[in-house]
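First up is the structure itself, then whatever we jot down about it.
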Amino acid sequence: MATDRPSRRESDLPDGADLYRHEPSDRWWHLAFGGLLAIAVIGFGLWSLGWVSAETNRVLLITAIAFGVFMAFNIGGNDVANSFGTSVGSGTLTMKQALLVAAVFEVSGAVLAGGSVTDTVRKGIVDLDVVAQSPDDFVYIMMSALLGAALWLFLATRMGWPVSTTHSIIGGIVGASVTMGIVTGLGGADMVQWDAIRQIVISWVLSPVLGGVVAFAIFWLIKRYILSHAADDREEGHRALQTLVPLVAALAAILLAGMLFVKGFHNLDLDVEPAVLVFLLAMIGIAVWVGVYVFAQSLRKKKFKKAAFTLFAWMQVFTASAFAFSHGANDIANAVGPFAAVLDVMRTGVVGEEAALPLPVLLTFGIALLAGLWFIGRRVVSTVGKRLTEIHPASGFSAELAAAGVVMLASVLGLPVSSTHILIGAVLGVGLVNRAANWKLMKPIATAWVITLPVAASIGAVGYLALSAIF
């Protein structure tokens, strides 16, 4: 894990500067990620040539791959960076360690638990009965949505604004779909299933509120009953660490494992009896309680503040992993879903109700996601991890636990909510406990949230016109 504090204070930097700059020694990491991404894209391109129909326009296929990979790259730079901002900002993980966690859990979440959200994004926005009349137009819509979302995400990431990839991709789909309906005469605003968008908008509003309320409650309890012993003698403080922290860790493990089990088993088509699930969760809770209790006992000779920091830092690694899994289950679908739909049309020639999701797509997009986190994600990490409020392991654990729980619940229900809104709400929630929330910074972020959908829709509309004219 990283040291307690970053080497430079935020106050030493000009407004908007990047707290986590690339160092000269990182050049080998640049070469590694750049080379890995290039190899993955080239290999995926060659594989795609054999996957799609022989009649597929090869230039259109290459363009679609470029748009899809660019979208995944920017999800890594914005959404994944947003996800790991609390862990890096608190000093629990370094950027390199965050990359390793992301590599394992983001892709795992997408493979095991991302199916229903992909279906919601792909089938819940556009009227497929209308679009099915013109498979080519469907391809242009999805490609334009990827382009519109990716360009907006790239701009927002460069500004350090954590925005929603879900807002972005839905905006792109709406803009391209309405434009397609008007141009072809098949419709207009009726191309979009507005009832589905209305439900999603409601969930967007609830997301930051729920994240903030849950995080506030968790951190307030931790601060009131555990961290308040910092001024006490060593015996009283360590008693709190040995009794309350293992209980908090066990409850968190049961909550997160329960949602992961239910969602993972659902998509793997495994029939697990409720009694078996309860037994597994109980065993996980007991194991975590014992492990954290033994760990807390081993720290009893250390000062309370150091022991508390160490305990919550390791617990934050756990919550960061769970949040990465839940993020992979929910938001990577914003790139994989539309692209899989494009690839399926290129393979079958028709707009199907379901699209195959080949493993090479997930692997390539997963690599692009990690590359985006490494190359352009640090400004968003700085915003979430330092500038919204001061994050420490205990507050970071609270924010991540709250956000992971809300996001995974949304994934179980198949709602494409914004993990960005949830986590930002959670960060502000712990900031309210410390009375240190940076509401001034929220003004440009909130503005970016409001304009995300119309900006992505505008780019998507222009993209559709360009693609339909060129191809």
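The values are calculated or read from the model by the stated rules, or taken from the named source; none is laboratory data. What you see is a predicted model; the values in this text were computed from it and never measured. Counting neighbours? That spans all protein chains shown, and the Cβs are built from the backbone with ideal geometry, glycine included.
Among the residues of segment 433-457, count how many are more than 19 Å from Trp152 (Cα to Cα), surrounded by 16 or more Cβ atoms within 10 Å (Cβ to Cβ) and of a type in the set (A, V, I, L, M, F, W, C).
Counting residues in segment 433-457 that are more than 19 Å from Trp152 (Cα to Cα), surrounded by 16 or more Cβ atoms within 10 Å (Cβ to Cβ) and of a type in the set (A, V, I, L, M, F, W, C) gives 3.
Just need a number here: residues in segment 180-225 that are modelled with pLDDT of 85 or more and basic (Lys, Arg).
Selection size over segment 180-225: 2.
Listed residues Ala368, Ala403; which is within 17 Å of Phe323 (Cα to Cα), touching a residue at least 12 places away in the same chain (Cβ under 8 Å) and of a type in the set (A, V, I, L, M)?
Ala403
Would you point out which residue out of Asp119, Asp137, Asp127 is at pLDDT 70 or above and surrounded by fewer than 19 Cβ atoms within 10 Å (Cβ to Cβ)?
Only one candidate qualifies: Asp127.
Against the definition (assigned to a helix (DSSP H, G or I) and either at pLDDT 90 or above or closer than 23 Å to Phe73 by Cβ (or both)), how does Phe318 come out, yes or no?
Against the criterion (assigned to a helix (DSSP H, G or I) and either at pLDDT 90 or above or closer than 23 Å to Phe73 by Cβ (or both)), Phe318 does not qualify.
Select from segment 80-116 the residues that are assigned to a helix (DSSP H, G or I) and at pLDDT below 70 and write down the one among them that is surrounded by the fewest Cβ atoms within 10 Å (Cβ to Cβ). Even if it seems obvious, please write down each step before you answer.
Of segment 80-116, the ones assigned to a helix (DSSP H, G or I) are 80-89, 95-113, 115-116.
Narrowing the set further to residues that are at pLDDT below 70 leaves 110-113, 115-116.
Numbers: Ala110: 28, Val111: 20, Leu112: 18, Ala113: 27, Gly115: 21, Ser116: 20.
The qualifying residue surrounded by the fewest Cβ atoms within 10 Å (Cβ to Cβ) is Leu112.
Select from segment 181-238 the residues that are within 30 Å of Ala469 (Cα to Cα) and free of Cβ contacts under 8 Å to residues at least 24 places away in the same chain and write down the one among them that is farthest from the chain's Cα centre (by Cα).
Gly185
Would you mind finding the one in Pro338, Pro360 that is of a type outside the set (A, V, I, L, M, F, W, C) and either out of contact with any helix residue (DSSP H, G or I) (no Cβ under 6 Å at 6 or more places or on another chain) or buried (at least 24 other Cβ atoms within 10 Å of the Cβ) (or both)? Spell out how you get there, then give the answer.
Values: Pro360 fails: either out of contact with any helix residue (DSSP H, G or I) (no Cβ under 6 Å at 6 or more places or on another chain) or buried (at least 24 other Cβ atoms within 10 Å of the Cβ) (or both).
Only one candidate passes the filter, namely Pro338.
Being surrounded by fewer than 24 Cβ atoms within 10 Å (Cβ to Cβ) and at pLDDT 90 or above, is that true of even one residue in segment 146-153?
yes
Answer with yes or no whether Ser395 is crowded, with 24+ Cβ neighbours inside 10 Å and within 18 Å of Gly89 (Cβ to Cβ).
yes
Using the structure shown, decide if Ala466 is touching a Gly at 6+ places or on another chain (Cβ under 6 Å) and aliphatic (A, V, I, L, M).
No.
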